[in-house]
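Colleague: This is the structure, below, for whatever I ask next.
The values are calculated or read from the model by the stated rules, or taken from the named source; none is laboratory data. Fair warning: this is a prediction, and the values are worked out from it, not measured in the lab. Virtual Cβ from ideal backbone geometry, glycine too; neighbours counted across all protein chains shown.
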2 protein chains.
Amino acid sequence: MHEASFEKEAHELTIVSSSLDELEKQNLDRVNLGQHVLAEFFECDPNILNSNDKVEKYMIDAALECGATIVQKCFHMFNPYGVSGVVIISESHLAIHTWPELGYAAVDLFTCGTKCDPKVAYEFLKKKFNSKKASFTELKRGMIDRETLKLAEQPFEVAEQFEN
Amino acid sequence: MHEASFEKEAHELTIVSSSLDELEKQNLDRVNLGQHVLAEFFECDPNILNSNDKVEKYMIDAALECGATIVQKCFHMFNPYGVSGVVIISESHLAIHTWPELGYAAVDLFTCGTKCDPKVAYEFLKKKFNSKKASFTELKRGMIDRETLKLAEQPFEVAEQFEN
């Protein structure tokens, strides 16, 4: 079992440069910054889904299992049932909402770059929640063309003061 | 402008009962617990996307604009660029990841029940980020049948102690 390691300053430029590498390597016109797995876990163990501690632990472990770097987390136990929570990772986020009374959990596994595979987290959670009926939809996020990606290689002009 | 109001104990049973009402009213076999808008905001103002304060404020305002009840929030500023953050609402969550150097933000607007319309939050954020090229995909989450929904009307047996 992994120990949760929280990294305060993570770096997203690696995601842009790995996307650019991917684009060059495969000679593509466009590349996606991220991949988003939207998982539906039905027929889960309701007592796991109603435990803030279990849900939080499994979500953190799922992030680590798929190779992500954890930045922040927040979880909330609803009265009388259900847990909502998010683990923010350097590579985007993992989110969960549970309906223990229905044995159902909606889980989002959004990762960027090539380091993490959200499907590893999907398989891990499916097992931990004892889901007997699970499915997922996968979407590409941030379809960026070559020209736009190259923009990121130029220095970014940051406004010191910003008024709106 | 709304003041952010944080409610500690929110109640998800209203979501289940409003889904059941919807199912009865429309005489459907299945109903979705939630709706999930996955928004892609391109050609945004990079200085807004690189401001933790602005991004956090607009995400909270977006939640309130669409009628959601805020439960928790967590935001993180990356070094050197980019903000990731989540607003957990009683009705699910709003999440964002920004790439200021690309003028791009990936935003998730996941709401449950019939009280909130995630597309209101989409239009609000599109305007606030000055996005000149935006699109979204909408997915239904938690497709539940009549029989399973009715399960939720029965008392849920909560295990006091849970061992795994």
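Colleague: Can you pull out every residue in the range B:104-116 that is within 10 Å of chain A (Cβ to nearest Cβ) and modelled with pLDDT under 95?
Modeller: Correct list: B:Cys112 only.
Colleague: Another question, then. Six or more apart or on different chains, Cβ under 6 Å: which pairs go from a residue in the range B:61-83 that's within 15 Å of B:Pro118 (Cβ to Cβ) and more than 8 Å from chain A (Cβ to nearest Cβ) to one that's of a type in the set (Phe, Trp, Tyr) and surrounded by 18 or more Cβ atoms within 10 Å (Cβ to Cβ)? Could you list them?
Modeller: Listed by first residue and then by second, the contacts come to B:Ala62/B:Phe124; B:Glu65/B:Phe124.
Colleague: Can you name every residue in the range B:75-98 that is farther than 20 Å from A:Gly85 by Cβ and either crowded, with 24+ Cβ neighbours inside 10 Å or of a type in the set (Lys, Arg) (or both)?
Modeller: B:Gly82, B:Thr98
Colleague: Hey, another quick one. For the range A:55-83, enumerate the residues that are assigned to a helix (DSSP H, G or I) and either in contact with a Phe, Trp or Tyr (Cβ under 7 Å, 6 or more places away or on another chain) or within 11 Å of A:Leu125 (Cα to Cα) (or both).
Modeller: A:Val55, A:Glu56, A:Lys57, A:Tyr58, A:Met59, A:Ile60, A:Asp61, A:Ala62, A:Ala63, A:Glu65, listed by residue number.
Colleague: Residue under question is B:Lys119, and the condition is that it be charged (D, E, K, R), part of a helix (DSSP H, G or I) and at pLDDT 95 or above; does it hold?
Modeller: For B:Lys119, the condition - charged (D, E, K, R), part of a helix (DSSP H, G or I) and at pLDDT 95 or above - is met.
Colleague: Go through the range B:29-51 and give me each residue that's facing chain A (nearest Cβ under 7 Å), among the polar types (S, T, N, Q) and not in a loop (DSSP other than H, G, I, E, B).
Modeller: Of everything in the range B:29-51, just one residue is facing chain A (nearest Cβ under 7 Å), among the polar types (S, T, N, Q) and not in a loop (DSSP other than H, G, I, E, B), namely B:Asn47.
Colleague: So is B:Leu33 over 19 Å from the mean Cα position of the chain (by Cα) and either at pLDDT below 75 or under 23 Å from A:His76 (Cβ atoms) (or both) or not?
Modeller: Judged against the criteria, B:Leu33 is not a match.
Colleague: Pick from A:Leu64, A:Leu38, A:Leu33, A:Leu49: which is under 20 Å from B:Val71 (Cβ atoms) and of a type outside the set (Phe, Trp, Tyr)?
Modeller: A:Leu49
Colleague: Scan the range A:99-116 residue by residue and report those that are of a type in the set (D, E, K, R) and either assigned to a loop (DSSP other than H, G, I, E, B) or under 17 Å from B:Val83 (Cβ atoms) (or both).
Modeller: A:Lys115 - this is the single residue of the range A:99-116 that is of a type in the set (D, E, K, R) and either assigned to a loop (DSSP other than H, G, I, E, B) or under 17 Å from B:Val83 (Cβ atoms) (or both).
Colleague: Any residue at all in the range A:90-105 that's farther than 28 Å from A:Asp29 by Cα, touching a Gly at 6+ places or on another chain (Cβ under 8 Å) and among the hydroxyl-bearing types (Ser, Thr, Tyr)?
Modeller: Yes, because at least one residue in the range A:90-105 is farther than 28 Å from A:Asp29 by Cα, touching a Gly at 6+ places or on another chain (Cβ under 8 Å) and among the hydroxyl-bearing types (Ser, Thr, Tyr).
Colleague: Across the range A:43-59, what is the total count of residues that are surrounded by fewer than 18 Cβ atoms within 10 Å (Cβ to Cβ) and closer than 23 Å to A:Thr137 by Cα?
Modeller: The total comes to 1.
Colleague: Got a sec? Which of A:Glu101, A:Glu65, A:Glu147, A:Glu160 is charged (D, E, K, R), at pLDDT 95 or above and either more than 19 Å from B:Ser92 (Cα to Cα) or out of contact with any Lys or Arg (no Cβ under 7 Å at 6 or more places or on another chain) (or both)?
Modeller: A:Glu65
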